[in-house]
Amino acid sequence: MQLVEERIRTALEQKLTKLDLSGCELRLIPPEIKSLTTLVELNLSRNNFINLNLEPLESLTGLNTLHLESMSLVRIPSSIQSLTNLKKLNLANNRIDKVEDFIGGFTKLEHLSLRNNEVEWVSDQVILLQNLKYLDLGGIKGNRIKVLTESIYNLQELVVLDVSSNELTTISEHIQNLHKLQRLILRNNCLEYVPEAITNLQKLQILDLSFNPTLTSLPDGFKEMRSLHTLHLDQRTLKNPLKKA
């Protein structure tokens, strides 16, 4: 705790904009943090808090980056709702099972990671994140999503979408709405087919369809995707393997 106190004191005295308290074995958020109103980036990852009281963060309205990885969180703390200037929120490697409605209040968010959680449901309010460029709902163990909410297909600024290691059986044809998408990771799901509409993603550069054992064919339009330079798939499961154009 002495190290934590020293870091907070230094941040306060020098009006620092970044504070890293990751892996400090914190059980509670030090109340002094609420005075660090100059912070724009805070890392609280790899601490095992005994409760989800993040109220000391409510006054840090200037934060644009918040790391809460590997903290055994079972839900997104509602006490961060006041941090509406957040541009990056990392909640990877927790046990969160749903993305609740208040996520829609982070309208400036550009980067959201819920990698390696237990997410089964994502609120339709995610549609309000119209500045979102990076959305990670995947990972090695991934999540438990069976169907992507249609709201995700309307995040037209998305550049990266990772939904690897979930339980998806289909992708909506509305995937074509993500016209800025450059990287789409669908590996390790249960996809039975890929909609022809995916070939309308003319900026797509990387597509990972590997480890989808029930996927047996691909749309012919793949051959016309000129920006696509990396395609990962299991050729052995395909009845119509792609051939070079």
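The values are calculated or read from the model by the stated rules, or taken from the named source; none is laboratory data. Please read these numbers as outputs of a predicted model, since none were measured by experiment. Neighbour counts are summed over all protein chains in view; Cβ atoms, including those assigned to glycine, are modelled from backbone coordinates with ideal geometry.
Structure values in brief
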read-out	value
Extreme residue, surrounded by the most Cβ atoms within 10 Å (Cβ to Cβ), among residues of segment 166-183 that are touching a Leu at 6+ places or on another chain (Cβ under 8 Å) and of a type in the set (S, T, N, Q)	N166
Complete set of residues in segment 194-212 that are out of contact with any helix residue (DSSP H, G or I) (no Cβ under 6 Å at 6 or more places or on another chain) and assigned to a loop (DSSP other than H, G, I, E, B)	V194, L201, Q202, K203, L204, Q205, L209, S210, F211, N212
Residue match in segment 145-161 (condition: free of Cβ contacts under 8 Å to residues at least 24 places away in the same chain, surrounded by 14 or more Cβ atoms within 10 Å (Cβ to Cβ) and part of a loop (DSSP other than H, G, I, E, B))	yes
Residue selected from segment 189-245 under the condition under 22 Å from G142 (Cα atoms) and charged (D, E, K, R), by the criterion modelled with the lowest pLDDT	D234
Residue check, I50 part of a loop (DSSP other than H, G, I, E, B) and either in contact (Cβ under 8 Å) with a residue 60 or more places away in the chain or touching a Phe, Trp or Tyr at 6+ places or on another chain (Cβ under 9 Å) (or both)	no
Residues being over 16 Å from G138 (Cβ atoms) and surrounded by 17 or more Cβ atoms within 10 Å (Cβ to Cβ) - total across segment 106-124	3
Hits in segment 27-48 (condition: modelled with pLDDT under 90 and more than 22 Å from S82 (Cα to Cα))	R27, N48
Failed criterion for K34 (all others in (1) outside any loop (DSSP other than H, G, I, E, B); (2) under 24 Å from N143 (Cα atoms); (3) charged (D, E, K, R) hold)	(2)
Among (1) touching a Lys or Arg at 6+ places or on another chain (Cβ under 6 Å); (2) at pLDDT 95 or above; (3) over 23 Å from L155 (Cα atoms); (4) buried (at least 17 other Cβ atoms within 10 Å of the Cβ) - the single one E69 does not satisfy	(1)
D101, sole failed condition from (1) under 21 Å from E157 (Cα atoms); (2) touching a strand residue (DSSP E or B) at 6+ places or on another chain (Cβ under 9 Å)	(2)
Subset of segment 30-44 [surrounded by fewer than 20 Cβ atoms within 10 Å (Cβ to Cβ) and over 18 Å from L109 (Cβ atoms)]	P30, P31, E32, K34, S35, T37, T38
Residue in segment 125-144 that is farthest from the chain's Cα centre (by Cα), counting only those that are in a loop (DSSP other than H, G, I, E, B), surrounded by 19 or more Cβ atoms within 10 Å (Cβ to Cβ) and of a type in the set (A, V, I, L, M, F, W, C)	L129
Residue list for segment 55-102, restricted to those being charged (D, E, K, R), part of a helix (DSSP H, G or I) and under 25 Å from E120 (Cβ atoms)	D101
Single match in N166, N177 (criterion: in contact with a Gly (Cβ under 6 Å, 6 or more places away or on another chain) and not acidic (D, E))	N166
Selected residue (only one of V4, V74 is among the aliphatic types (A, V, I, L, M), in contact (Cβ under 8 Å) with a residue 12 or more places away in the chain and in contact with a Pro (Cβ under 8 Å, 6 or more places away or on another chain))	V4
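Okay, residues lined up against (1) closer than 19 Å to L86 by Cα; (2) more than 21 Å from the chain's Cα centre (by Cα); (3) at pLDDT 95 or above:
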| position | (1), (2), (3) |
| --- | --- |
| L3 | no, yes, no |
| E6 | no, yes, no |
| L16 | yes, yes, yes |
| I50 | no, yes, no |
| E55 | yes, yes, no |
| L60 | yes, yes, yes |
